[in-house]
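The values are calculated or read from the model by the stated rules, or taken from the named source; none is laboratory data. Bear in mind that the values here come from a model prediction, so they are computed numbers and not experimental data. Positions of Cβ are backbone-derived with ideal geometry, glycine not excepted, and every protein chain shown enters the neighbour counts. For accessibility, only protein heavy atoms count, side chains too; no ligands or nucleic acids. Shrake-Rupley method; radii C 1.70, N 1.55, O 1.52, S 1.80 Å.
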Amino acid sequence: MSSTTPGPARTMRSRRSNLAVPGSSPKMLDKARGLPADQVFMDIEDAVAPLAKPEARKNIVAALNEGGYEGKVRAVRVNDWTTQWTYADVVEVVEGAGPNLDCIMLPKVQTAEQIVALDLLLTQIEKANGFEVGRIGIEAQIENAMGLINVDAIAAASPRVETIIFGPADFMASINMKSLVVGEQPPGYDVGDAYHYILMRILMAARAYDKQAIDGPYLQIKDVDGYRRVAGRSAALGFDGKWVLHPGQIDAANEIYSPRQEDYDKAELILDAYDYATSLQGGAKGAVMLGDEMIDEASRKMAIVVSAKGRAAGMVRTTSFTPPE
Ligand code: GLV
Ligand code: MG
């Protein structure tokens, strides 16, 4: 099942650091304005107590309309479709602040139909309020076994889907993992990385359908080394970013999900060198030496990925290419 909501072509913005802010805290909604996170997501779900949810919706609408989040992706996490809150979360937030909102984050997604339901509701609200139809994106959190086995269909369910997000805490509970420390290996597990399959499964769905893959929270907010270790794992695989629960994790995320300077420089060099080598002037060659390394079309493809991430992160190259005499 997939929806056919038309909409503008989606440009993927940098989402290295995704700052979680409870919608129940006007103070934290305000503080997020000045923090260097690529995305801020305002929560009405698990970081907000049931009794505080109506107030959280109001705080979020007010904060979005007041503005001050320029340069950041602005998302709101609503409650999942198995609760009684989802429709009212979406209606109140999107009717109240639609033009000042980029994405709705849907937690605990289990089926493609749940994405389609949100897509249809968004389209109705956009039409009824004269907003641009299809502009608001969807971020889908995969947080249980059902969501993971359906992740391909979920990624493909609507052109609004921009990210597939791993929700490790709920996921660990869903599969009965014997650990209470999110993202760390469960005690007694010594045959590799207990999260590898889950991360790879999400990454494959994201890449197959041209979505961003985002890693979830690391709860030990004072342990920045632990954050770096866990973030480094998903960044190495190819994930685009990770949640941050505390300002102290933001710099680590921005650094870890950007290429290293030496890799960025090398990527730009490969692109220039290969461009030259394949040109008439460079001899129209398809495989050439760059320093000690043989580069070909596949090297160019790898370089494009690193270069795109570096450019999106605003990196500046420190080397330049000079064609051989
Ligand atoms: C995030 O929502 C998680 O459950 O880890
Ligand atoms: Mg969760």
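Residues checked against (1) in contact (Cβ under 8 Å) with a residue 12 or more places away in the chain; (2) within 16 Å of ligand 2 (Cβ to nearest atom); (3) in a helix (DSSP H, G or I):
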position: Leu19; (1), (2), (3): yes, yes, no
position: Ser24; (1), (2), (3): yes, no, no
position: Ala32; (1), (2), (3): yes, no, yes
position: Ala37; (1), (2), (3): yes, no, no
position: Asp46; (1), (2), (3): yes, yes, no
position: Lys53; (1), (2), (3): yes, yes, yes
position: Ile60; (1), (2), (3): yes, no, yes
position: Leu64; (1), (2), (3): yes, no, yes
position: Gly68; (1), (2), (3): yes, no, no
Item checked: Elements of type helices (runs of 4 or more DSSP H) in region 212-317, at least 2 residues being more than 16 Å from ligand 2 (Cβ to nearest atom) and under 21 Å from the mean Cα position of the chain (by Cα) -> 224-237, 250-256, 297-312
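Table: residues versus (1) of a type in the set (Gly, Ala, Ser); (2) at positive phi; (3) in contact with a Lys or Arg (Cβ under 9 Å, 6 or more places away or on another chain).
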residue: Gln281; (1), (2), (3): no, no, no
residue: Ser299; (1), (2), (3): yes, no, no
residue: Ile304; (1), (2), (3): no, no, no
residue: Thr319; (1), (2), (3): no, no, yes
Next item on the list: Filter region 114-147 down to the residues that are charged (D, E, K, R) and open to solvent by less than 10 Å² (accessible area, probe 1.4 Å), then identify the one that is farthest from ligand 1 (Cβ to nearest atom).
Entry: Glu126
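What do you reckon, is Val288 touching a residue at least 24 places away in the same chain (Cβ under 8 Å), among the aliphatic types (A, V, I, L, M) and open to solvent by less than 50 Å² (accessible area, probe 1.4 Å)? Break it down into steps so the answer makes sense when it comes.
Working: touching a residue at least 24 places away in the same chain (Cβ under 8 Å): no; among the aliphatic types (A, V, I, L, M): yes; open to solvent by less than 50 Å² (accessible area, probe 1.4 Å): yes.
So Val288 fails the test.
Name every residue in region 214-225 that is more than 27 Å from Leu106 (Cα to Cα) and either within 13 Å of ligand 1 (Cβ to nearest atom) or open to solvent by less than 70 Å² (accessible area, probe 1.4 Å) (or both), in order of residue number. Even if it seems obvious, please write down each step before you answer.
Taking region 214-225 and keeping what is more than 27 Å from Leu106 (Cα to Cα), we get 222-225.
Residues satisfying the conditions are Asp223, Val224.
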Next item on the list: Count, please, the residues in region 149-171 that happen to be out of contact with any Gly (no Cβ under 8 Å at 6 or more places or on another chain) and open to solvent by 10 Å² or more (accessible area, probe 1.4 Å).
Entry: 6
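Tell me, which helices (runs of 4 or more DSSP H) lie completely within region 117-210 with 1 or more residues that are acidic (Asp, Glu) and away from ligand 2 (no atom under 16 Å from the Cβ)?
Working: elements: 145-149, 151-156, 168-174, 196-208.
By residue number, 151-156.
Can you find a residue that is assigned by TED's automatic domain parsing to the domain that holds Val161, open to solvent by less than 10 Å² (accessible area, probe 1.4 Å) and of a type in the set (S, T, N, Q) anywhere in region 81-91? Full working, then the answer.
Initially, region 81-91 is screened for residues assigned by TED's automatic domain parsing to the domain that holds Val161, giving 81-91.
From what's left, open to solvent by less than 10 Å² (accessible area, probe 1.4 Å): 86, 89-90.
From what's left, of a type in the set (S, T, N, Q): 86.
Looking for residues that are assigned by TED's automatic domain parsing to the domain that holds Val161, open to solvent by less than 10 Å² (accessible area, probe 1.4 Å) and of a type in the set (S, T, N, Q), one finds at least one in region 81-91, hence yes.
Going through Leu51, Leu64, Leu35, Leu101 one at a time, which residue ends up being within 18 Å of Pro247 (Cα to Cα) and of a type outside the set (Asp, Glu)? Even if it seems obvious, please write down each step before you answer.
Values: Leu51 fails: within 18 Å of Pro247 (Cα to Cα); Leu64 fails: within 18 Å of Pro247 (Cα to Cα); Leu101 fails: within 18 Å of Pro247 (Cα to Cα).
Result of the check over Leu51, Leu64, Leu35, Leu101: Leu35.
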